[in-house]
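Engineer: Structure below; questions to follow.
The values are calculated or read from the model by the stated rules, or taken from the named source; none is laboratory data. Just so you know, these numbers come straight off a predicted model, no measurement behind them. A quick note on method: Cβ atoms are made from the backbone with ideal geometry, for glycine too, and the neighbour counts reach across all protein chains shown.
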């Protein structure tokens, strides 16, 4: 348990080198070692989706990975996606539509929705619901989230083919 | 210009009634909110808890020596180590006559009374070190027979869970109004049903969290809480720990969902406070998901035997209910665990005209986690029982269920109205709401569609549920019973030298949009842009004293305080501006941050000039004029104990009679919460509330075995509503402003949860009707539906 491992990875575009406990989860690593608290631990068993982030371009649960597995990996968190402006349109749609209340699940929800947006096109509401079905929100009842994602998809699709 | 000045609501630059997005949502959208677990303090310790693995067991011996020796462990404590540091608490309210409960301690003394009760705690340098040490604590247990079910706990000869209390009946109440027996005797039809409501729980996205920072040098304690009621929490801690009032501060930053869960006193959180005082270092505890399931309060657990008497012509003659509810081994402090059941018997049947009503309530101790107030306290139970009976009565006399409701709802012109249980309704709009609903959902069209589909073997159901909702509670709710729970709230406004406004208010934010609504009111009344109002909440040292946000009181009570404070500050500003401009204050107005001539609207000076003169250039002001650029006002409801709202919900769903699966197709809500300050936020309160109700109706259940062991205490096993299963929810409003306040707003947070389970139950039973089957046990799982159909 006390074994430690050195990892070199990229987090939000910046090179990071750290020696980590072999048992430290990725979500704890980001929060405790890097101060990236936007990725949140909601259930720590891979169900609620609050810790969803982007790893080498794919969305994953940060509570189900060990930091020690990430040597050479490329991690993008909500902080990075916000600063790069990549999801500014999605965030604006969430804001207009009030697609969040307490905000605890929001980062995970946005990271998941961003993956759907990257597929292009305008998915049906059903498809959006399916795609987000691994992200738990207790406050909104999901309607506003579906509306906001739909709006962002439509706006991007229109921009892509005017 | 009209003769009458426009009201604050009608001014062209008013934000009241506008769907303004929440300014404070921006930080949450960037992952830059601050929840308790995001705080970083020097020398922070992490607490972890050893919890009872048994529902009922004697603690014969605890050996903590090995745990205490582990690297990184600073202290291991049991109940004995905390003796003398605190006083125990008892969850009773004096106005709930005859109610009893037992003293509760931070850690179980000699007996554990539920699976999950905290027994020992470790404080360590890291959470991992604290959890590792838990495994080294040796406890010698003597298992005792658990009383898990309410029936077992109440059976004659059942041992008392607390010997000193004599038996396991915590509270009982009966209501007998009108002539119930006579009504049943003369009824054309009498229908009975037993409705069962499973235990479920809040599953807040952010688990319960507390960080206690004690500075031994000046004996000051700062609590960072995930809570709805910081002032209450302060008062509670002062009652039970030796601290001076001035030395305790409670701060709530962002709160990751609460819904009532985080308004109670929890023994593990009290232990954290004791640890901080013992160790002189900050101590943090964040519940993990698994321990949340056995340590957060649970909700509901009712069995209600009910019957209704109805005449052939469709008059509901009487309702008679008997509610048996289990609350775990302790009544939760300080709100008690009797209010849930008390609201069931208060509310049931109250939106119908019949004066004949009988109810019995029995609130029972048992060996399960404490049950207490969760969103829509008592409402969903009262609503499902009432509306379930109404549908049964309609079927019994072969009348359309909408028609039966129409004939029995309290008429819109009958107010004020007093219900048989004594509830006072100032002015409600049941008839208009039902009429609106039937139009919005195209009730007759849906009935036609349903009939046509039935012929094709597709089984769809329509369910209606009318309801009332308790909001804006006055001091008769808790304060009168001795709880340190304030029914009033205060708002303090300060004009800054640069012309912006700092607003400190005692109602709190958990994502509902409290801060936005308050800013809208202040900006509108004062006459400034919304962006110029900075709202501060959630800090006992920085806001006026008040109750916080719960029971749908934030807008109705806090909003009125904000409105009155803004009027007062406006008058102060105009007095100063009048002196500066040598004009009568009455001839001036404030519009978009400018002092203007009221008559012409011509801009004279900006608010920043008023601020600068007030703070920096007193030399330019007339002698004797002391600028007062801070104004504080409070509000508490006095005219009525509660501001009731009303509404109706409808569910349209499809039942797969082969699998028992329910597919929600659509859900509608018509709600009357008085004046709406922000319709967008009102709609989202309703939608979120509906989905919590749908979870209770279809998925959520804390499954216990006979030994009192939770069988589904993970998020993989306990089902919550996810996006894929939820329907689109259409919401419409009526606005009957509340009398007695200038704002006229009532609350809206409970309505969705109150009515959704009843609407779904009635829709399922409507779909089941051709099979002669029905269900009354929530949640309505596929297994229960198939059993009702006789297929399993």
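Engineer: Which number in (1) more than 20 Å from residue B:680 (Cβ to Cβ); (2) in a helix (DSSP H, G or I); (3) touching a helix residue (DSSP H, G or I) at 6+ places or on another chain (Cβ under 8 Å); (4) more than 8 Å from chain B (Cβ to nearest Cβ) marks the one condition that residue A:148 misses?
Structural biologist: The failed condition is (1).
Engineer: Is at least one residue of segment B:734-746 touching a strand residue (DSSP E or B) at 6+ places or on another chain (Cβ under 8 Å), under 29 Å from residue B:676 (Cα atoms), surrounded by 24 or more Cβ atoms within 10 Å (Cβ to Cβ) and within 14 Å of chain A (Cβ to nearest Cβ)?
Structural biologist: No, segment B:734-746 contains no residue that is touching a strand residue (DSSP E or B) at 6+ places or on another chain (Cβ under 8 Å), under 29 Å from residue B:676 (Cα atoms), surrounded by 24 or more Cβ atoms within 10 Å (Cβ to Cβ) and within 14 Å of chain A (Cβ to nearest Cβ).
Engineer: So, in segment A:111-129, how many residues would count as being at the interface with another protein chain (Cβ under 7 Å from one of its Cβ atoms) and free of Cβ contacts under 8 Å to residues at least 12 places away in the same chain?
Structural biologist: Step one: of segment A:111-129, the residues at the interface with another protein chain (Cβ under 7 Å from one of its Cβ atoms) are A:129.
Subset that is free of Cβ contacts under 8 Å to residues at least 12 places away in the same chain: none.
Residues that pass the stated criteria total 0.
Engineer: While we're here: Which ones in segment B:753-791 are without any contact (Cβ under 8 Å) to a residue 60 or more places away in the chain and surrounded by fewer than 17 Cβ atoms within 10 Å (Cβ to Cβ)?
Structural biologist: Once the filter is applied, which keeps residues that are without any contact (Cβ under 8 Å) to a residue 60 or more places away in the chain and surrounded by fewer than 17 Cβ atoms within 10 Å (Cβ to Cβ), segment B:753-791 yields B:772, B:787, B:790.
Engineer: Further, regarding this structure: Among the residues of segment B:32-49, what is the count of those that are more than 17 Å from residue B:122 (Cβ to Cβ) and either part of a strand (DSSP E or B) or in contact with a helix residue (DSSP H, G or I) (Cβ under 6 Å, 6 or more places away or on another chain) (or both)?
Structural biologist: The first filter runs over segment B:32-49 and keeps only residues more than 17 Å from residue B:122 (Cβ to Cβ), leaving B:32-42.
Filter once more, so that each one left must be either part of a strand (DSSP E or B) or in contact with a helix residue (DSSP H, G or I) (Cβ under 6 Å, 6 or more places away or on another chain) (or both): B:33.
The total comes to 1.
Engineer: Still on this model: Quick one: how many residues across segment B:25-52 are in contact with a strand residue (DSSP E or B) (Cβ under 8 Å, 6 or more places away or on another chain) and either surrounded by 22 or more Cβ atoms within 10 Å (Cβ to Cβ) or more than 18 Å from residue A:108 (Cβ to Cβ) (or both)?
Structural biologist: Filtering segment B:25-52 for residues in contact with a strand residue (DSSP E or B) (Cβ under 8 Å, 6 or more places away or on another chain) gives B:35-37, B:39, B:41, B:44-52.
Now drop any that are not either surrounded by 22 or more Cβ atoms within 10 Å (Cβ to Cβ) or more than 18 Å from residue A:108 (Cβ to Cβ) (or both), which leaves B:35-36, B:39, B:41, B:44-52.
Final tally of qualifying residues: 13.
Engineer: Check residue B:633 against each of (1) closer than 30 Å to residue B:470 by Cβ; (2) in a loop (DSSP other than H, G, I, E, B) and name the one condition it does not meet.
Structural biologist: The failed condition is (2).
Engineer: Let me ask something else about it. Check residue B:573 against each of (1) within 32 Å of the chain's Cα centre (by Cα); (2) farther than 30 Å from residue B:461 by Cβ; (3) crowded, with 22+ Cβ neighbours inside 10 Å and name the one condition it does not meet.
Structural biologist: (1)
Engineer: Output yes when any residue across segment B:636-651 is assigned to a strand (DSSP E or B) and closer than 19 Å to residue B:723 by Cβ, and no when none is. Talk me through it step by step, then tell me what you get.
Structural biologist: Taking segment B:636-651 first, the residues assigned to a strand (DSSP E or B) are B:643-651.
Imposing the further condition that a residue be closer than 19 Å to residue B:723 by Cβ reduces the set to B:651.
Checking segment B:636-651: at least one residue is assigned to a strand (DSSP E or B) and closer than 19 Å to residue B:723 by Cβ.
Engineer: A further question on this structure: Could you tell me whether residue A:31 is within 13 Å of chain B (Cβ to nearest Cβ), in contact with a helix residue (DSSP H, G or I) (Cβ under 9 Å, 6 or more places away or on another chain) and outside any loop (DSSP other than H, G, I, E, B)? Please lay out each step first, then the result.
Structural biologist: Values: within 13 Å of chain B (Cβ to nearest Cβ): yes; in contact with a helix residue (DSSP H, G or I) (Cβ under 9 Å, 6 or more places away or on another chain): yes; outside any loop (DSSP other than H, G, I, E, B): yes.
Here the answer is yes, as residue A:31 does meet what is asked.
Engineer: Please verify whether residue B:255 is away from chain A (no Cβ under 14 Å), over 26 Å from residue B:120 (Cα atoms) and touching a residue at least 40 places away in the same chain (Cβ under 8 Å), treating the condition exactly as stated. If you could, list the steps in order and put the result at the bottom.
Structural biologist: Details: away from chain A (no Cβ under 14 Å): no; over 26 Å from residue B:120 (Cα atoms): yes; touching a residue at least 40 places away in the same chain (Cβ under 8 Å): yes.
It is false that residue B:255 is away from chain A (no Cβ under 14 Å), over 26 Å from residue B:120 (Cα atoms) and touching a residue at least 40 places away in the same chain (Cβ under 8 Å).
Engineer: Further, regarding this structure: Condition first: touching a residue at least 60 places away in the same chain (Cβ under 8 Å), in a loop (DSSP other than H, G, I, E, B) and out of contact with any helix residue (DSSP H, G or I) (no Cβ under 7 Å at 6 or more places or on another chain). Now tell me which residues in segment A:50-71 satisfy that.
Structural biologist: Filtering segment A:50-71 for residues touching a residue at least 60 places away in the same chain (Cβ under 8 Å) gives A:50, A:52, A:54, A:67-68, A:70-71.
Checking which are in a loop (DSSP other than H, G, I, E, B) leaves us with A:50, A:71.
Residue satisfying the conditions is A:71 alone.
Engineer: Hey, does segment B:432-440 have a residue that's more than 19 Å from residue B:760 (Cβ to Cβ) and assigned to a strand (DSSP E or B)?
Structural biologist: From segment B:432-440, those more than 19 Å from residue B:760 (Cβ to Cβ) are B:432, B:435-436, B:439; that's our starting set.
Those left that are additionally assigned to a strand (DSSP E or B): none.
No, the conditions are met nowhere in segment B:432-440.
Engineer: Let me ask something additional. Are any residues in segment B:716-733 within 7 Å of another protein chain (Cβ to nearest Cβ) and within 19 Å of residue B:431 (Cβ to Cβ), and if so, which ones? I'd like the intermediate steps shown before the answer.
Structural biologist: Filtering segment B:716-733 for residues within 7 Å of another protein chain (Cβ to nearest Cβ) gives B:716, B:720, B:722-724, B:726, B:728-729.
Correct list: empty.
Engineer: When you scan segment B:709-718, do you find a residue that is modelled with pLDDT under 95, out of contact with any helix residue (DSSP H, G or I) (no Cβ under 8 Å at 6 or more places or on another chain) and either assigned to a loop (DSSP other than H, G, I, E, B) or closer than 26 Å to residue B:768 by Cβ (or both), even just one?
Structural biologist: Quick first cut of segment B:709-718, residues modelled with pLDDT under 95 only: none.
No, every residue in segment B:709-718 fails to be modelled with pLDDT under 95, out of contact with any helix residue (DSSP H, G or I) (no Cβ under 8 Å at 6 or more places or on another chain) and either assigned to a loop (DSSP other than H, G, I, E, B) or closer than 26 Å to residue B:768 by Cβ (or both).
Engineer: If you check B:591, B:648, which single one turns out to be modelled with pLDDT of 95 or more and closer than 30 Å to residue B:443 by Cα? Working first, answer last.
Structural biologist: Working: B:591 fails: closer than 30 Å to residue B:443 by Cα.
Answer to the check: B:648.
Engineer: Here's a follow-up. Check residue B:623 against each of (1) assigned to a loop (DSSP other than H, G, I, E, B); (2) touching a strand residue (DSSP E or B) at 6+ places or on another chain (Cβ under 6 Å) and name the one condition it does not meet.
Structural biologist: Condition not satisfied by residue B:623: (2).
Engineer: Considering only residues that are buried (at least 16 other Cβ atoms within 10 Å of the Cβ) and more than 10 Å from every other protein chain (Cβ to nearest Cβ), which ones fall in segment A:70-85? Steps first, answer last, please.
Structural biologist: Of segment A:70-85, the ones buried (at least 16 other Cβ atoms within 10 Å of the Cβ) are A:70, A:73, A:75-82.
The answer is A:70, A:73, A:75, A:76.
Engineer: Moving on. Any residue that is part of a helix (DSSP H, G or I), in contact (Cβ under 8 Å) with a residue 60 or more places away in the chain, more than 10 Å from chain A (Cβ to nearest Cβ) and touching a strand residue (DSSP E or B) at 6+ places or on another chain (Cβ under 9 Å) - is there at least one of those in segment B:669-679? Steps first, answer last, please.
Structural biologist: First pass over segment B:669-679, keeping only residues part of a helix (DSSP H, G or I): B:679.
Those still in the list that are in contact (Cβ under 8 Å) with a residue 60 or more places away in the chain too: B:679.
Imposing the further condition that a residue be more than 10 Å from chain A (Cβ to nearest Cβ) reduces the set to B:679.
In the following step, the residues that additionally are touching a strand residue (DSSP E or B) at 6+ places or on another chain (Cβ under 9 Å) were identified as B:679.
Among the residues of segment B:669-679, at least one is part of a helix (DSSP H, G or I), in contact (Cβ under 8 Å) with a residue 60 or more places away in the chain, more than 10 Å from chain A (Cβ to nearest Cβ) and touching a strand residue (DSSP E or B) at 6+ places or on another chain (Cβ under 9 Å), which makes the answer yes.
Engineer: Scan segment A:34-46 for residues that are out of contact with any strand residue (DSSP E or B) (no Cβ under 6 Å at 6 or more places or on another chain), surrounded by fewer than 24 Cβ atoms within 10 Å (Cβ to Cβ) and either part of a helix (DSSP H, G or I) or more than 7 Å from every other protein chain (Cβ to nearest Cβ) (or both) and report the count.
Structural biologist: The number of residues fulfilling the criteria is 4.
Engineer: For residue B:312, are the conditions met, namely being in a loop (DSSP other than H, G, I, E, B), in contact (Cβ under 8 Å) with a residue 12 or more places away in the chain and crowded, with 24+ Cβ neighbours inside 10 Å? Lay out the reasoning, then the answer.
Structural biologist: Values: in a loop (DSSP other than H, G, I, E, B): yes; in contact (Cβ under 8 Å) with a residue 12 or more places away in the chain: yes; crowded, with 24+ Cβ neighbours inside 10 Å: no.
The answer is no for residue B:312.
Engineer: Picking from B:555, B:508, B:549, which residue would you name as being under 30 Å from residue B:341 (Cα atoms) and part of a helix (DSSP H, G or I)?
Structural biologist: Numbers: B:508 fails: part of a helix (DSSP H, G or I); B:549 fails: part of a helix (DSSP H, G or I).
Going through B:555, B:508, B:549 in turn, just one is under 30 Å from residue B:341 (Cα atoms) and part of a helix (DSSP H, G or I): B:555.
Engineer: Right, another one. Within segment A:91-110, how many residues are more than 9 Å from every other protein chain (Cβ to nearest Cβ) and either free of Cβ contacts under 8 Å to residues at least 12 places away in the same chain or within 28 Å of residue A:162 (Cβ to Cβ) (or both)?
Structural biologist: So the count comes out to 1.
Engineer: Can I ask one more? Taking only pairs six or more apart or across chains, which ones have beta-carbon atoms under 6 Å, a first residue in segment B:682-701 that is more than 8 Å from every other protein chain (Cβ to nearest Cβ) and at positive phi, and a second residue that is in a helix (DSSP H, G or I) and crowded, with 24+ Cβ neighbours inside 10 Å?
Structural biologist: none
Engineer: Does residue B:750 qualify as being surrounded by fewer than 20 Cβ atoms within 10 Å (Cβ to Cβ), under 19 Å from residue B:682 (Cβ atoms) and in contact with a strand residue (DSSP E or B) (Cβ under 9 Å, 6 or more places away or on another chain)? Give the steps one after another, and end with the answer.
Structural biologist: Values: surrounded by fewer than 20 Cβ atoms within 10 Å (Cβ to Cβ): no; under 19 Å from residue B:682 (Cβ atoms): yes; in contact with a strand residue (DSSP E or B) (Cβ under 9 Å, 6 or more places away or on another chain): yes.
Against the criterion (surrounded by fewer than 20 Cβ atoms within 10 Å (Cβ to Cβ), under 19 Å from residue B:682 (Cβ atoms) and in contact with a strand residue (DSSP E or B) (Cβ under 9 Å, 6 or more places away or on another chain)), residue B:750 does not qualify.
Engineer: OK, next. How about segment B:481-495: which of its residues are assigned to a loop (DSSP other than H, G, I, E, B) and either within 14 Å of chain A (Cβ to nearest Cβ) or within 27 Å of residue B:19 (Cα to Cα) (or both)?
Structural biologist: Step one: filter segment B:481-495 for residues assigned to a loop (DSSP other than H, G, I, E, B), giving B:482-488.
The one that is assigned to a loop (DSSP other than H, G, I, E, B) and either within 14 Å of chain A (Cβ to nearest Cβ) or within 27 Å of residue B:19 (Cα to Cα) (or both): B:488.
Engineer: Right, here's the next one. Any idea which of B:507, B:533 is without any contact (Cβ under 8 Å) to a residue 60 or more places away in the chain and under 23 Å from the mean Cα position of the chain (by Cα)?
Structural biologist: Details: B:533 fails: under 23 Å from the mean Cα position of the chain (by Cα).
Within the list B:507, B:533, the selection yields B:507.
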